[in-house]
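Here, each number is a calculation from the coordinates, and none is a lab measurement. Remember, it's a predicted structure, so these values are computed and weren't measured experimentally. Glycine also receives a Cβ, built like all others from the backbone with ideal geometry; neighbour counts cover every protein chain displayed.
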Ligand code: PHE
């Protein structure tokens, strides 16, 4: 399993380390340093086995390469996965993060990390104790640029508007029905932005506490998690984990477009054609979800002001997605193929 996954992958390297004190596996996948140091978040969760953790890390790292390349941002693609054996006690978790930071540090700038599913800016502060200066998105208190989720949500929101402009000739969200899957860090902010723009937002999350909080804070309606695919809507926005668009769920969709921020939404490469056959426009996840990584890296490594970073995220997502949708139409290819083509031009030896 592991050998097959690594042989099929075209990335540069995978570093694995078994953390004996906690029994966790650390996997750092470096897909490409062609455009700059490999950059991507640290995902911390349980996996069935090491092979599953490696498979997730290599796919996520590849996604980061495309994110940066398609938008023309000077970073490469990488991702780390910490496969934990169940929930850890807070002190064990902290010491694991410090050992992980040491490993990041030893890579000497080949890989820069940041938060992702299961980690936070507070965790980045801990990782930076040993991993500095290769840790992005530390808290403001610690001198970092803070949470990356708001910028990711802003970029995704702009992506949804761009999709509406393309489909309906008008980027207004007023009265549009948007179903958001996942009310985590990014999903919640996105729901807020959509609601304020006058959209009719419905959302779901498997975490009942999160559902209760969002209903109370934002006054939007929730759906049972297994019914999000069947809900008639203009836009379906996957903002939870990956792999949600597959043979079974695509059949059930009753939307005009899929536009969300979860990484690796398509279960297999064929699923984008399945969406196309059903007449559903797919906004590639790696275009919509660039906001967090771009804004934080821009502020911390390129000296952007926070407001400037936000504006650049908005312009970048709108401009990139508009190009991708136009190219897909011109060439009669899927939106993913068009986005990959733009990314590949930059990644090719003659590209920038
Ligand atoms: N989780 C972010 C992503 O998937 C990764 C990131 C955040 C990288 C912040 C750098 C800084 O794009």
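Starting from the alpha-carbon convex hull of the range 126-279, give the projected area averaged over all orientations, in nm².
10.5 nm²
Send over the semi-axes of the chain's equivalent ellipsoid, whole angstrom and largest first, taken as the square roots of 5 times the C-alpha gyration tensor eigenvalues.
Whole-Å semi-axes of the equivalent ellipsoid: 30, 23, 20.
Return 205, 271 ranked ascending by Cβ neighbour count within 10 Å, so the fewest neighbours appear first.
271, 205
Based on alpha-carbon atoms only, what is the radius of gyration of the range 1-42 relative to the globular estimate 2.2 N^0.38 Å?
Relative to the 2.2 N^0.38 Å estimate, the range 1-42 comes out at 1.35.
If you project the alpha carbons of the range 61-121 onto their three principal axes, what span does each projection cover, largest first, in Å?
Per principal axis, max minus min of the Cα coordinates gives 41, 23, 19 Å.
Expressed as a whole percent, how much of the Cα-Cα distance distribution for the range 237-312 exceeds 21 Å?
Beyond 21 Å sits 37 percent of the P(r) for the range 237-312.
Given the peptides 288-299, 135-146, arrange them by the average over their residues of other C-beta atoms within 10 Å, most packed first.
288-299, 135-146
If packing is taken as the mean number of other Cβ atoms within 10 Å per residue, what is the order of 167-175, 70-78, highest first?
Ranked from most to least packed, the peptides come out as 70-78, 167-175.
Any idea what angle helix 306-331 forms with the longest principal axis of the chain, computed on alpha-carbon atoms, 0 to 90 degrees, nearest 10?
Approximately 60 degrees, to the nearest ten.
Taking the chain as the reference, fit the longest principal axis to its C-alpha atoms, fit the long axis of helix 121-131 to the helix C-alpha atoms, and give the angle between the two in degrees, 0 to 90, nearest 10.
So the inclination is approximately 30 degrees.
As a footprinting exposure proxy, order 261, 239, 164 by other Cβ within 10 Å, with the fewest listed first.
Fewest-to-most Cβ neighbours within 10 Å comes out as 164, 239, 261.
Could you let me know the centre-to-centre spacing of the range 106-121 and the range 279-319, using Cα atoms, in angstrom?
Result: 18 Å between the Cα centres.
Relative to the first principal axis of the alpha-carbon coordinates of the chain, what is the inclination of helix 90-106, with its axis defined by its Cα atoms, in degrees from 0 to 90 and to the nearest 10?
That works out to roughly 80 degrees.
How much of the DSSP bridge set in the chain is antiparallel, in percent, rounded to the nearest 5?
Of the beta bridges lying entirely in the chain, close to 35 percent run antiparallel.
For the range 52-170, what is the relative contact order in percent, using Cα pairs closer than 8 Å and at least 6 residues apart in sequence?
Value for the range 52-170: 16 percent.
Does the range 201-352 come out rounded, prolate or oblate, given a ≥ b ≥ c as the square roots of the eigenvalues of its C-alpha gyration tensor, rounded meaning a/c under 1.5 and, failing that, prolate meaning a/b above b/c?
Since a/c reaches 1.5 but b/c is at least a/b, the shape of the range 201-352 is classed as oblate.
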